[in-house]
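Report on one structure; see the data block that follows.
The values are calculated or read from the model by the stated rules, or taken from the named source; none is laboratory data. Keep in mind that what you see is a predicted model, and the values were worked out from it rather than measured. Here the Cβ positions follow ideal geometry from the backbone for every residue, glycine too, while neighbour counts run over all protein chains shown.
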Amino acid sequence: MTLPPAGGYAWTTERRRLYANDLGSDVTLVGVTARFNRQKSDQDPATWMPAPTVYCRYIGELVATKHRWGLAVDQAERETLLMYAADCPNAVLNFERASTPAGLLHPADGGVV
C-alpha cells in the first residue's frame, strides 16, 4: 500500500517507521513471494487484485490496515473494494487503532493517539 495517496504524506518520519514495522497486527505485514510483490508493486485494488481464491482475505486485510492507520481510499479504490466485497458475505473486519507514542499523529488524523 502506498502511503502518499492514502494520506501518509503528512506523516512524520517516526510514524512512517512505526507503520513499516507494525507488529501489532497479524494483517499489517504479510509475507509474500518476490514475484507477488513485484506484480502488485505500488498498485491499489483499482488497478490490481490477487487471484480470486484469496481476494476476500486480501481486501479484508487491506481495509483493516487502512482503518488501523487512518488511511484513506480514493473513489476508484472504494468502488473496486465494494464490488469485490459483495462476493465476501462472511467477511468480518477486526482491527485496533495503531498505538503510537503521543505527538506522532498529524492533526489531519484527528489527533487521536
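Residue by residue, here is whether (1) under 12 Å from the mean Cα position of the chain (by Cα); (2) surrounded by 15 or more Cβ atoms within 10 Å (Cβ to Cβ) holds:
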position: A20; (1), (2): yes, no
position: D44; (1), (2): yes, yes
position: A51; (1), (2): no, no
position: Y58; (1), (2): yes, yes
position: Q75; (1), (2): no, no
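Residues in the stretch 80-101 that are over 20 Å from T47 (Cβ atoms) and among the aliphatic types (A, V, I, L, M) were compared, and the one that is surrounded by the most Cβ atoms within 10 Å (Cβ to Cβ) is A98.
Can you name the residue in the stretch 60-73 that is of a type outside the set (A, V, I, L, M) and closer than 16 Å to L18 by Cα and is also surrounded by the fewest Cβ atoms within 10 Å (Cβ to Cβ) among such residues?
Initially, the stretch 60-73 is screened for residues of a type outside the set (A, V, I, L, M), giving 60-61, 65-70.
Subsequent filtering for residues that are closer than 16 Å to L18 by Cα retains 65-70.
Working: T65: 21, K66: 18, H67: 15, R68: 19, W69: 24, G70: 18.
Among those that are of a type outside the set (A, V, I, L, M) and closer than 16 Å to L18 by Cα, it is H67.
Listed by first and then second residue, the pairs with beta-carbon distance under 9 Å, at least 6 apart or on different chains, first residue in the stretch 27-55 and aromatic (F, W, Y), second surrounded by 12 or more Cβ atoms within 10 Å (Cβ to Cβ) and in a loop (DSSP other than H, G, I, E, B), are F36/P50; Y55/P45; Y55/M49; Y55/C88.
Just to be sure I understand, how many residues within the stretch 53-102 are of a type in the set (V, I, T) and within 22 Å of G31 (Cβ to Cβ)? Let's see the steps before the verdict.
Taking the stretch 53-102 and keeping what is of a type in the set (V, I, T), we get 53-54, 59, 63, 65, 73, 80, 92, 100.
Still in the list and also within 22 Å of G31 (Cβ to Cβ): 53-54, 59, 63, 65.
Residues meeting the conditions: 5.
For residues in the stretch 1-18 being within 13 Å of the chain's Cα centre (by Cα) and crowded, with 17+ Cβ neighbours inside 10 Å, which is modelled with the lowest pLDDT? Among those that are within 13 Å of the chain's Cα centre (by Cα) and crowded, with 17+ Cβ neighbours inside 10 Å, it is M1.
At least 3 residues being out of contact with any His (no Cβ under 7 Å at 6 or more places or on another chain) and among the aromatic types (F, W, Y) is the threshold, and among the helices (runs of 4 or more DSSP H) wholly inside the stretch 2-102 those reaching it are 55-69.
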